[in-house]
Amino acid sequence: IGILIALSINSCNEVNKIKSIEKKSYENLLSSLRKDSLQLIIITDYQTKNLNMQNRFIKTDASEIVKAYSSDSISKMLFDIYRGAYSFFPKHGTYNSIASNKGIDIISSEIIKSNLIDLYDYEYSRYEFIDKVLDDKYMNVFLPFLHKEIGFFVDSNFKYNSVSITQFENNYSALQLECQNLNPMSTNVSSLLNSIQNNVNFLIKEIEKELNK
């Protein structure tokens, strides 16, 4: 009987230890996901405005833009497209630490486990690959084009100049073409970021439920 009691106590202690590790994993993941969520709000807003401005230039004639907007307003539109080069940097550290120590198996919620794997091993990896391609397009093609052909530039403090209406209008067709080249990849990135944000927010809610049990 004494041996059985000792085994029962050891078993109970082991269960409590596992639950304690699981709770700590949830807390660390929640902290990391909340930081990602805050960053995603900013980046998805940038990407939405970027895509809207691209589409406006693609679908609108130069004469309509020049007639409807001032030089400063046009520069603001160009800056919205410029910010499409800003990237989202997901925080992998907590998840990688848990996964490398086989801690993912300690997580009892199958829906949390499944969505974590989908987010970190698929969606984040896919985004980082596509973002790298988009970043290359911006840095090597689009931003140099804005500077050389449109006369638009942004300084180290993210202050931008007011473009010349004449230069903008003269090179508008080329700007439309550059936007058309960026558009498919920007659309893909924007869609993927929205999907990531939904998954992150879902995981935050599910983990909070587990911690509040």
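The values are calculated or read from the model by the stated rules, or taken from the named source; none is laboratory data. This one's a predicted model, so the numbers in the text were calculated from it and none came from an experiment. Virtual Cβ from ideal backbone geometry, glycine too; neighbours counted across all protein chains shown. Heads up: the accessible areas ignore ligands, DNA and RNA and are worked out on the full protein's heavy atoms, side chains in. Shrake-Rupley method; radii C 1.70, N 1.55, O 1.52, S 1.80 Å.
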> Which of the residues spanning the range 58-95 are open to solvent by 80 Å² or more (accessible area, probe 1.4 Å) and either under 26 Å from residue 210 (Cβ atoms) or among the hydrophobic types (A, V, I, L, M, F, W, C) (or both)?
Replying inline: 89
> Does any residue of the range 148-160 turn out to be more than 30 Å from residue 26 (Cβ to Cβ) and touching a His at 6+ places or on another chain (Cβ under 8 Å)?
Replying inline: yes
> From the residues in the range 139-178 that are small (Gly, Ala, Ser) and closer than 17 Å to residue 76 by Cα, which one is farthest from the chain's Cα centre (by Cα)?
Replying inline: 164
> From the list 186, 156, 191, which one is of a type in the set (Gly, Ala, Ser) and open to solvent by less than 30 Å² (accessible area, probe 1.4 Å)?
Replying inline: 186
>> Restricting to the range 197-210, name every residue that is in contact (Cβ under 8 Å) with a residue 12 or more places away in the chain and either in contact with a Ser or Thr (Cβ under 9 Å, 6 or more places away or on another chain) or open to solvent by 50 Å² or more (accessible area, probe 1.4 Å) (or both).
In response: 197, 200, 201, 202, 204, 206, 207, 208, 210
> Is it the case that residue 131 is under 30 Å from residue 151 (Cβ atoms) and among the acidic types (Asp, Glu)?
Replying inline: yes
> Yes or no: residue 125 open to solvent by less than 90 Å² (accessible area, probe 1.4 Å), modelled with pLDDT under 95, out of contact with any Cys (no Cβ under 8 Å at 6 or more places or on another chain) and of a type outside the set (Lys, Arg)?
Replying inline: yes
> Taking the stated definitions as given, is residue 101 surrounded by 14 or more Cβ atoms within 10 Å (Cβ to Cβ) and closer than 30 Å to residue 19 by Cα?
Replying inline: no
